[in-house]
Structure formats: structure tokens, C-alpha cells
Amino acid sequence: MQRIKIKDLLKSTNYGSKVCIKGWVRSKRDSKTVAFVAINDGSIIHNIQAVIDTPNFEEDYLKDVQTGACVKIEGTLVQSQGKGQSVEIQASSVEVYGKADPETFPLQKKGHSLEFLREIAHLRPRTNTFGAILRMRHAMAFAVHQFFNSKGFVYVHTPIITGADCEGAGEMFRVTTMDLKKIPIENGQVNFENDFFGKETSLTVSGQLNGELAAMALGEIYTFGPTFRAENSNTSRHLAEFWMIEPEVAFNELDDNMNLAEDFLKYLVKYALENCSDDLEFLTNLYDKELINKLKFVVENDFIRLTYTEGVEILKHCGHKFEYKVDWGTDLQSEHERYLVEKHFKKPVILTNYPKEIKAFYMKQDADGKTVRAMDVLFPGIGEIIGGSQREENYEKLIARVRELGMSEKELWWYLDTRKFGTAPHAGFGLGFERLMLFVTGMGNIRDVIPFPRTPKNAEF
RNA sequence: UCUUCCUUAGCUCAGCCGGUUAGAGCACUUGACUGUUAAUCAAGGGGUCCUUGGUUCGAGCCCAAGAGGGAGAGCCA
């Protein structure tokens, strides 16, 4: 018999029809002559209930139908006699594909802490919470492509292995095939001549520089791929391996960039509200009663836009006592950003025109020579969800900045070439996919919105 | 990396001032129950109190070091 997905079965009103489902047992409730088994197959957060009249089955036949087991159940779709579900299956046959020894299977019917589930990341997709998160993760990834495709952007695959130590976004993981016990060292320096690529290589920390090259030909591009940072960051907002989306648009200036970022985030949140309602309802009930309201609020309200200088003025005169002093020229602390977003405006905030000293070399300098056309989108509870800028398209100014910072113009020759040949104003940004996931799922820890988190001292699974 | 908190049964956690045999709920096993909804009821089994060292007549509890985890900070997306 053809298998039907539980998602489709729960919508069916085809009572009396013979059906077949396959999935994992979430719970079994016994009494003398009848047993109720809740089955989930991952197609939807809800389970289907199979009703088993035990006298019709041989003794011990149902012994292996226990929490965690994988089963195939055939039977008749009927309207439920009990409360709590509208349809159920009156089972005629039960086959166990895979047992799950209840003495050793770690998942129970009752709730587990998120910390415990992290230790059994190979099994946590079988929980309601991670089923919901993984379905939403897929929906958000799909929506990213749909958004850009509808706007005529080209998806560009930038390299994961990079030879440039100049992306400037943090510590990098080395890539090598050298025997780590016999590294060739000459005059205190490692000789990479005989390494696989013949030069020092790393995992990418950003696809931006390559993305810019493509934007200078295709106009509107985006990247969406894994990104690696070897920072010793131990927070609920950082991963060593995460996924980043980086659009880059020729002829866009800072305002266009902000508009794109705001449209993009609203599109994604709206997509979640319209397409993930069952999962969102579950997450709202279990983790954050205000989750759905927060998502609606973001879709319905404009983001606040203000300059770094204006932000500093507000913070200086707000009367709130901060642990760290607010001072023009230094980067804002988390507590400052959080005050602006969560207390002062109570809305997402886009901060722009930061001092050039605290931002990357490629950002376009303002006429005053002090600030650059940077923009950070700050979200409640998460902080920086997007970081971006209009890029410096002027060759002289860009190379002056490269020299000023002591960077290698030799290594960057290909990037600098874009400013030599047909340069154009352009802008882009990076969205941390898992930070978006934090926001749309209401989860508090970034390790819970990616299937297998990679963090300092943790690469299990 | 810094600050701070935590680590006791499969899970969540209690454990008094340092004192005899370390507890509860859930889970599990067995039994009861004709429709359950995290089913219910009864009985039973289950412990390297994170590790190492120290203080003490005596340590789950006090001290030191280490490991792992959480929260916050820095770095950032």
C-alpha cells in the first residue's frame, strides 16, 4: 500500500479509506483492550493517533511499539471518538521497522532541557522543537532564494577555500594537506611551497570580496553559503561554522542598501508567518508567548534609521547608567545597542555612518573624512543581525586605506583591479542566517537553530 | 579569552549546621484498568554524588586544581 504523509492524512476527510503511514512512535498509551500510539513522520509537527484493539493482535505483538521505534501502520482512516484530534487510524496491521530499547533510548515522552538535547544532537531532530526548527530553517532558506530570484539577483557560489588572508573578518581556520608532524620551517616561517595549493590557505570568513567581483558584471548577486570563524567566541550568538547570505548590488548606495536589507528581513519574517504557522504556534506556546506578535510587529513597522553620531547623542543624554561610557569614536557596546533597540525605540534600528577607525577597509568614506557608509541592522534580543556598507569604489582612496592599515596590496591585486577597470558605486551586506533563525524561532541560543553546531571545543557529530 | 553560576538515578531536580542506610517527580519493569491525550493507579529495579588531590574522627556538603555546561562580556553575522 502507498505510504501517505501524516501532514496530508490529518487534512483528509476520506473516512473509511485504507491508509498506510510510516513514522516514529512518540508515545503509547495502554489499557486492557485498546492502545493508542502517537506517530510522527516529520512532515508536520502534529502526530497521528493509531488506535489498536489489542485482542485483535497476538500477545507481545505490540511489545516493541515503544517510544522511539520506527513503525509502519496500515488501517482505516476514521473520525476520532476521543477529544484532541479529529481523525485517527483504526489499525489493522502494525510492523516494526526498528526497535528502540526504552532502557537506553534517551528521548522520553516528557520534556528535556535544550542543553541535554545538544548532547544528543543525533537524536534531537526527533523532538517537536527541533522538527519545528528544522522545517523552519528549510522554509527560511527557500524564502531567501525566492526573494532574490523574484528581484532578478544571481546566486553566485563563492569559494570556501581562500588564499587571501585579507577578508578582515576574524581569525581563520587553516586548510592544509601537510603532515602536521613534519611542517617545513625556514627561518622561523612555514614554507607552503609544497602544500596542496602552494600557498597558505584558509576557510572563508566572508564571500563578500568575491561577491563584489560578480556584482561588477551581473549587477545584482547574492551568496548563501557556509562561513568559518576561528574566534574563541563563547556566546549564545556565535558559531565557528555558520551560514551567511551576502547580497551585493552595483549602483546601490547606502539608502538603497538599507531599503534592500529592510525589505529582505520583512519578506523573510512574513514568509515564516504565512508558511510556518503550525511550527510557530508550537514554539510560541512552549518558548516565547510573544513570538508571533514580535514577528508581526517587525513586518508591520518601519525600522528606525539613524547615524552612529545621532545614536551616541541619544545614549549620552538618555540618563541611563551604562557600565561602559558612551564616547564618539569607540564602538558601541552590547548594552548600548540593546538600549537603543529595546528601550529607546522598541523597534529594529539601522545605525549608519560609523567612524572609519572601527570599520573595515573597504567601506566608502564620507566627505567629512571621519565616517564611512556602514550600516548595522540591530534586532531586539539578538543585536547585530546584518552588517553592511556602501563600498569604496575610488581606487586612490581604497588603496590609500589599504596602505594606511598595513594590508597587503599584492594579495589584494584582483580586488583592487575592480576599482581600476570600470569601477562603479555599489553596496551590500551580510545576514547571519542563524541569527535570523534565532529571531523567527524565538530560541535563545544559536546552537539550537543549526542541526550540528560547531563551537570552540565542540565538533561532535 | 574574561566575569559569574552550575555539575547528585535514564531525565528534571531536592539534599538542613559536615554526622548512621543519599531522596522526590517523571522514565523503565511488572500488574490493574473498555477511548487515552505528557493517561491514571499500585508495586519493584535503578547511584563512580563530574575527576583528582587535600582538610576532618567523619565529606554529596568545606578547600585547591582540572574537565564539561549555562548566562553575561569581548570579537562579530
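We did not get these values from a lab; they are worked out from the coordinates using the rules stated. None of these values were measured; they are calculated from a predicted model. Heads up, the Cβs are rebuilt from the backbone with ideal geometry, glycines too, and the neighbour counts pull from every protein chain shown.
Brief remarks on what is shown
- Bridges between two residues of chain A, per DSSP, are antiparallel at a rate of about 90%.
- When only alpha carbons of chain A are considered, Rg and Dmax amount to 26.9, 86 Å.
- Tensor-based shape of the stretch A:293-387 (alpha-carbon gyration tensor, a/c under 1.5 rounded, otherwise prolate or oblate): oblate
- Summed residue charge, Cβ within 9 Å of A:Val249's Cβ, Lys/Arg positive, Asp/Glu negative: -3
- Those GluC sites (Glu not before Pro) in the stretch A:222-312 that DSSP places in a loop and that have at most 16 other beta carbons within 10 Å: A:Glu231, A:Glu253, A:Glu290
- For the stretch A:202-232 and the stretch A:237-301, distance of Cα centres in Å: 20 Å
- The loop-placed GluC sites (Glu not before Pro) in the stretch A:77-145, going by DSSP, that have at most 16 neighbouring Cβ atoms within 10 Å of their Cβ come out as A:Glu103.
- Among beta bridges identified by DSSP and lying wholly in the stretch A:19-139, the antiparallel ones come to about 90 percent.
- 0 to 90° range, to nearest 10: angle between helix A:208-218 axis and chain A longest Cα axis: 90 degrees
- Among A:Ser93, A:Ser43, A:Ser113, a tally of other beta-carbon atoms within 10 Å of each Cβ gives an order, fewest to most, of A:Ser113, A:Ser93, A:Ser43.
- Sparsely packed GluC sites (Glu not before Pro) within the stretch A:386-461, loop by DSSP, other Cβ within 10 Å at most 12: A:Glu460
- Taken over the stretch A:6-98, lysine pairs spaced eight or more positions apart, or on distinct chains, with alpha carbons under 14 Å apart number 5.
- Excluding same-chain neighbours fewer than eight residues apart, the lysines reachable from A:Lys182 by a Cα-Cα span under 17 Å are A:Lys199.
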